[in-house]
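Presented below is the structure to which this report refers.
The values are calculated or read from the model by the stated rules, or taken from the named source; none is laboratory data. Every value quoted in this text rests on a predicted model; they were computed, and no experiment measured them. Because the Cβ atoms are built from the backbone with ideal geometry, glycine has one as well, and the counts that use them run over all protein chains shown.
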Amino acid sequence: MELRRRLLLAHCAVHTLSVPLGLLVVVPLALNGSAFKGRCPLFSQGFWRTDNSTGAAASQLVVREWGPPAACQFATFAGVFTALYGAAQGWRSLFYLHRGHDDTLFSSFLTLLLSVCVLCLSAGASVTLSLGLRSWCDTVTDRNARLYSCAESQAIPLYLDVETSSFYSELTCAQISLWCVTVLWLAHAILSFLRLYHSHSRQISSPCLSREKELLLGQAYCTCSHPHVGHELPNSQHTSTVFI
């Protein structure tokens, strides 16, 4: 199998993997948004308050300010775009493999540029989600002052008006999937560069080789014709001398 088809096949495999990983980002975040009634737990600020009014000390988590919705929407957008783009480009790559086509030089350059841009976007969304989840876990565990971890806090009543029984599992799944998506976009960028380089070298080297071939043929023609001219020159001089 030639290099062009190998690169195209690898790109098709990466596009195919992008679809389920993108969905693994979107679905947990959607479930978490539904459980939290549209609120974003990332970067939320709160504190624990102890209530002694009932005679028994009861701790309750008070959320002073919920996180910005853009923090959750940013990660959701990265997952949705990855899934849709992977589905479209995967079908396109399969079509190219079946037909034996390849992208033009300009199309390969646009694909590389898009891959680099979305790689930066996906990396930013991954960092945002990781830092936001860490901030929420610090709030839930009172900065590790509680006797339970962030994962164990799912089974503990937080006395909030939202469903918190699976927030850690959902956000952790989205976090891991989003980092995997970032790695896939890095693979996208590398494969796009290799395909661009392959197309560029193929399109540039062909005219250069043709030009060098023409120059070599022209030089060989001159080399072959020069002794013939030199051989005829003494004959012409000899003929002129005899004529005089």
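Some values worked out for this structure:
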| quantity | calculated |
| --- | --- |
| Members of region 152-171 found to be under 23 Å from GLN73 (Cα atoms) and in a loop (DSSP other than H, G, I, E, B), listed by number | LEU160, ASP161, VAL162, GLU163, THR164, SER165, SER166 |
| Every residue from region 99-108 that is surrounded by fewer than 16 Cβ atoms within 10 Å (Cβ to Cβ), in a helix (DSSP H, G or I) and touching a residue at least 12 places away in the same chain (Cβ under 8 Å) | LEU105 |
| Selection status of CYS120, at pLDDT 90 or above, part of a helix (DSSP H, G or I) and surrounded by fewer than 14 Cβ atoms within 10 Å (Cβ to Cβ) | yes |
| Test: residue in region 55-77 that is surrounded by fewer than 16 Cβ atoms within 10 Å (Cβ to Cβ), on the phi > 0 side of the Ramachandran plot and not in a helix (DSSP H, G or I) | yes |
| Tally, over region 146-166, of residues that are without any contact (Cβ under 8 Å) to a residue 24 or more places away in the chain and of a type in the set (A, V, I, L, M, F, W, C) | 5 |
| Options TYR85, TYR96: the member that is of a type in the set (Ser, Thr, Tyr), part of a helix (DSSP H, G or I), in contact with a Leu (Cβ under 7 Å, 6 or more places away or on another chain) and surrounded by 16 or more Cβ atoms within 10 Å (Cβ to Cβ) | TYR96 |
| Residue under evaluation ARG49, criteria (1) at pLDDT 90 or above; (2) touching a Leu at 6+ places or on another chain (Cβ under 9 Å); (3) exposed (fewer than 15 other Cβ atoms within 10 Å of the Cβ); (4) not aromatic (Phe, Trp, Tyr), criterion not met | (1) |
